[in-house]
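Undergrad: One structure coming up, written as structure tokens, with questions to follow.
The values are calculated or read from the model by the stated rules, or taken from the named source; none is laboratory data. Remember, it's a predicted structure, so these values are computed and weren't measured experimentally. Every residue, glycine as well, gets a Cβ built from its backbone with ideal geometry; the counts of neighbours run over all protein chains shown. The protein model used for the area step is the full one, side chains on, heavy atoms only, and it has no ligands, DNA or RNA in it. Shrake-Rupley method; radii C 1.70, N 1.55, O 1.52, S 1.80 Å.
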Amino acid sequence: MKKIILLLSCIFVMTSMFAQTSFQELTLEKALEQAKVENKYVFVDCYTSWCGPCKMMAEKILPLKEVGEYMNGKFVCVKFDIEKGEGRTIQQKYRVSAYPTFLILDTDGNLVHVVVGGTATGDEFLAKVKIAFDENSVGKLGVEYENGNRNMDFLMRYIKALVQSCDLEKARKIAQDVLVALDEEEKCSEPYWFIYENLDLSPVGSGNMMYLLKHVEQFRKGVGVEKVDSVLGNLFAIQLEDILRGRNKNATLADVEAAGKLLDTYKLTGQQYLYDYIALIKAIKEENTDETLRLCKNIFPKMPDEKIAYLYFSPLTTLQYKWNNKQKKELVAFTKQLIDQVEMSQLKHSLKNFADFGIPHLGEN
């Protein structure tokens, strides 16, 4: 009986080992050769020793049974520390700039597809990998582009694939070529709106973004008020949140008031929270702790966890020497209210530490 149990245990362990993604210790050249023999593609995990998402993928996602079964059947899998040895050559050749990056190569070493960043589930990861084998993969579209395909619908698909694979330089270039070929009415129409709404393609301060700001009414007519106002609101939010976070320390009270007047001119729908931002920034800059506390109680309960995580602490610490004891007690109570509200465990932990150890020391010189 013991022998049977031991045998079953061994089988279970071996099955688990074969189920997980099998990375082989091969040079890229040897991996390509083996893939050619086995009629597979090459999957390259580009990681760094300090990258948290890289470790998460290696420990939580790639060992999953369903992931391993698919990967082992389709690829010869190898991994390289991108800061060491052959990894440096791979990083330069395939322009790897974010981690983790997963490369899918054909047997000649040509890039078929790129997956950038970690995923929360195995299904999500596999969905991103499988895009390599549909007609919209960046590799297949790239071949068409090099062969001279300049059909407008094709170019739009190619731009989206390039953005997804994080080849933003090429995506911006092709997007610009597309826009140059359009007349004014076409530029402000639905088919090309994604170029303007995507901040990777049209960064803040870029020519595309300036064009949008100068032709807001035309875009509203061609694309729809809600879509256009959402993007404009996001542009204001980026600037205002940078001030709230302390990333823009040069903004003056006059700058904030000017932003409010500019916001008035656009008459955005559904963007009231931007005026709350402006009011909070003004209260902080005027060192009005009563108003800051009131606004915090009004603003932060409406926010998603992600924004609370990077916006809540800075306004309170900016006024660290201005809070009185009564206000600190209110801040502790309010912070505990947020702890009950949020779902992110790390945020709960940070808020608890702030309530227990941070807030009591506000106001102390």
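Undergrad: Out of region 51-89, which residues are part of a helix (DSSP H, G or I), over 23 Å from Gln20 (Cβ atoms) and not charged (D, E, K, R)? Step through it out loud before you land on a result.
TA: First, pick out the residues of region 51-89 that are part of a helix (DSSP H, G or I): 52-61, 65-74, 86-89.
With the extra rule that they be over 23 Å from Gln20 (Cβ atoms), the set shrinks to 86, 88-89.
Residue satisfying the conditions is Thr89 alone.
Undergrad: Residues in region 166-186: is at least one in a loop (DSSP other than H, G, I, E, B), of a type in the set (Gly, Ala, Ser) and within 30 Å of Lys55 (Cα to Cα)? Outline the logic, then answer.
TA: Initially, region 166-186 is screened for residues in a loop (DSSP other than H, G, I, E, B), giving 166-167, 181-183.
Remaining after also requiring of a type in the set (Gly, Ala, Ser): 181.
Remaining after also requiring within 30 Å of Lys55 (Cα to Cα): none.
No: zero hits.
Undergrad: Just to be sure I understand the filter: pairs with C-beta atoms under 7 Å, separated by 6 or more residues or on different chains, first member in region 340-363 and without any contact (Cβ under 8 Å) to a residue 24 or more places away in the chain and open to solvent by less than 90 Å² (accessible area, probe 1.4 Å), second member β-branched (Val, Ile, Thr) and not in a helix (DSSP H, G or I). Which pairs pass?
TA: If the second residue must be β-branched (Val, Ile, Thr) and not in a helix (DSSP H, G or I), the pairs left are Lys348/Val342.
Undergrad: Something else about it: Of all residues in region 92-107, which are open to solvent by 40 Å² or more (accessible area, probe 1.4 Å) and more than 18 Å from Cys77 (Cβ to Cβ)?
TA: Gln92, Lys93, Arg95, Ser97
Undergrad: Here is a further query. Can you pull out the residues in region 148-165 that are farther than 29 Å from Cys46 by Cα and assigned to a loop (DSSP other than H, G, I, E, B)? Steps first, please.
TA: Residues of region 148-165 that are farther than 29 Å from Cys46 by Cα, as a first pass: 148-154.
Correct list: Gly148, Asn149, Arg150, Asn151.
Undergrad: Output the qualifying pairs, or none if there are none: Cβ atoms under 7 angstrom, residues six or more apart or on different chains, first residue in region 284-297 and among the acidic types (Asp, Glu), second residue not in a helix (DSSP H, G or I).
TA: That search, which allows pairs on different chains as well, returns Glu287/Leu319; Glu287/Lys322.
Undergrad: Failed condition for Ser49, given (1) open to solvent by 50 Å² or more (accessible area, probe 1.4 Å); (2) modelled with pLDDT of 95 or more; (3) of a type in the set (Gly, Ala, Ser), with all others met?
TA: So the condition that Ser49 fails would be (2).
Undergrad: Now a separate question. Among the residues of region 263-290 satisfying the criterion of being more than 22 Å from Asn250 (Cα to Cα) and in a helix (DSSP H, G or I), which is least open to solvent (accessible area, probe 1.4 Å)?
TA: Restricting attention to region 263-290, the residues satisfying the condition of being more than 22 Å from Asn250 (Cα to Cα) are 264-273, 290.
Those still in the list that are in a helix (DSSP H, G or I) too: 264-266, 273, 290.
Values: Asp264: 79, Thr265: 90, Tyr266: 35, Tyr273: 76, Asp290: 107 Å².
Among residues in region 263-290 that are more than 22 Å from Asn250 (Cα to Cα) and in a helix (DSSP H, G or I), the one least open to solvent (accessible area, probe 1.4 Å) is Tyr266.
Undergrad: Would you confirm whether or not region 190-201 contains a residue that is closer than 27 Å to Lys170 by Cα, open to solvent by 60 Å² or more (accessible area, probe 1.4 Å) and more than 21 Å from the chain's Cα centre (by Cα)? Walk me through how you get there before you give the answer.
TA: Applying the first criterion (closer than 27 Å to Lys170 by Cα) to region 190-201 yields 190-201.
Then keep just the ones that are open to solvent by 60 Å² or more (accessible area, probe 1.4 Å); that gives 190-191, 197, 200.
When the remaining residues are screened for being more than 21 Å from the chain's Cα centre (by Cα), the result is 190-191.
Checked region 190-201: at least one residue is closer than 27 Å to Lys170 by Cα, open to solvent by 60 Å² or more (accessible area, probe 1.4 Å) and more than 21 Å from the chain's Cα centre (by Cα).
Undergrad: Looking at region 21-42, can you tell me whether even one residue there is assigned to a helix (DSSP H, G or I), in contact with a strand residue (DSSP E or B) (Cβ under 6 Å, 6 or more places away or on another chain), under 21 Å from Ser165 (Cα atoms) and of a type outside the set (Asp, Glu)?
TA: Taking every residue of region 21-42 in turn, none turns out to be assigned to a helix (DSSP H, G or I), in contact with a strand residue (DSSP E or B) (Cβ under 6 Å, 6 or more places away or on another chain), under 21 Å from Ser165 (Cα atoms) and of a type outside the set (Asp, Glu).
Undergrad: So, one more: What are the pairs, 6+ residues apart or on separate chains, where a residue within region 80-93 that is of a type in the set (A, V, I, L, M) has its Cβ under 8 Å from a residue that is buried (at least 17 other Cβ atoms within 10 Å of the Cβ) and part of a helix (DSSP H, G or I)?
TA: From region 80-93, the pairs are Ile82/Ile90; Ile82/Gln91; Ile90/Leu28.
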